[in-house]
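Notes follow the structure.
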Amino acid sequence: NTANDTLTNYLDAPFYRGILTGLNDAFIIDEEVARQFSEAAHFDGLIRPLLKGSDVHRYEVQFEDRFLIRIPSGWTESRTGISNQERAWEWFQTEYPDLAEHLAPYESQAKERHDRGEFWWELRPCDYYSEFEGEKIVYPVIADGPNFALDTEGYYINDKCYTIPRSDDALLAVLNASLSEFWVQAELSGLRGGFQEFRAVHVKQIP
């Protein structure tokens, strides 16, 4: 790598934004609610641990027992072969009754959102779920300086975070270094209270 390489050139890989549910009240839950769901819901990967921006600090991830109901777009039909929404919902209620009971009160709101899947109880299409499940660097979009951390637990992240799909201690040290902080303060748009907005388009240009 040359001295003026950007992070984009070093990585040769995309950044990934966290999950946008379109209806957090329905799809983001605490540990108490998550425990109420059946073993099948957990075993089938429909309940995933989730980080939000304020959980990610410089070199440190602090998981706050928050979970995502992750039902991918197209998942229901792929499991059942049913394309009719009413019939598909009947199947879902039978297979995951506690999960269906939780989601049912949000039906009208879920149907109205733009960020929805094939059926209203599914999330918007996403091709990179697997990128969240391995070791990776994560960081919050809004921060008062470089807050990059290594996630070794395979947490999912919300839309206030990004992930760099690399487990790279040297890169992590560079991103959190004082020189990177100086560059960020000079180059990125400042927000109130000394915060900066670490959009991927900006972070990719860190030298």
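Placing one equal scatterer on every Cα of the chain and applying the Debye formula, the log10 ratio I(q)/I(0) at q = 0.07, 0.09, 0.16, 0.19 Å⁻¹ is -0.25, -0.40, -1.02, -1.28. Between helix 178-187 and the chain there is an angle of about 80 degrees, using the helix long axis and the longest principal axis of the Cα atoms. For A143, nonlocal amide neighbours, meaning residues 5 or more places apart or on other chains whose placed amide H falls under 5 Å from its own, are Q196, F198. Between Q36 and D169, residue separation times 0.36 nm minus the direct Cα-Cα distance comes to 44.1 nm.
Angle of helix 85-95 to the longest C-alpha principal axis of the chain, folded into 0 to 90 degrees and rounded to 10: 90°. Label sites at N84 and Q109, each approximated as a point 7 angstrom past Cα along Cα to Cβ, lie 3.0 nm apart. The count of lysine pairs in the chain that are at least 8 places apart or cross chains, and whose C-alpha atoms lie under 17 Å apart, stands at 5. With contributions of -39500 (n - 2.57) from each DSSP H run of at least four residues, the per-residue ellipticity at 222 nm computed over the chain stands at -8500 deg cm²/dmol.
For the chain, build the charge dipole from Cβ charges (+1 Lys, Arg; -1 Asp, Glu) around the Cα centre, then report which of L103, T76, T163 sits farthest towards its positive end. Looking along the dipole axis, the top candidate is T163. Taking the Cα atoms of the range 1-93, the ratio Rg/Rh between the radius of gyration and the Kirkwood radius comes to 1.12. When the alpha carbon coordinates of the range 35-144 are projected onto the principal axes, the ranges are 48, 30, 25 Å, largest first. Prolate is the label for the range 87-173, because the ratio a/c of its alpha-carbon gyration tensor axes (a ≥ b ≥ c) is 1.5 or higher and a/b is greater than b/c.
Values in this text are rule-based calculations from the coordinates and carry no lab data. Quick caveat, the model's predicted, so the values are computed rather than measured. Heads up, the Cβs are rebuilt from the backbone with ideal geometry, glycines too, and the neighbour counts pull from every protein chain shown.
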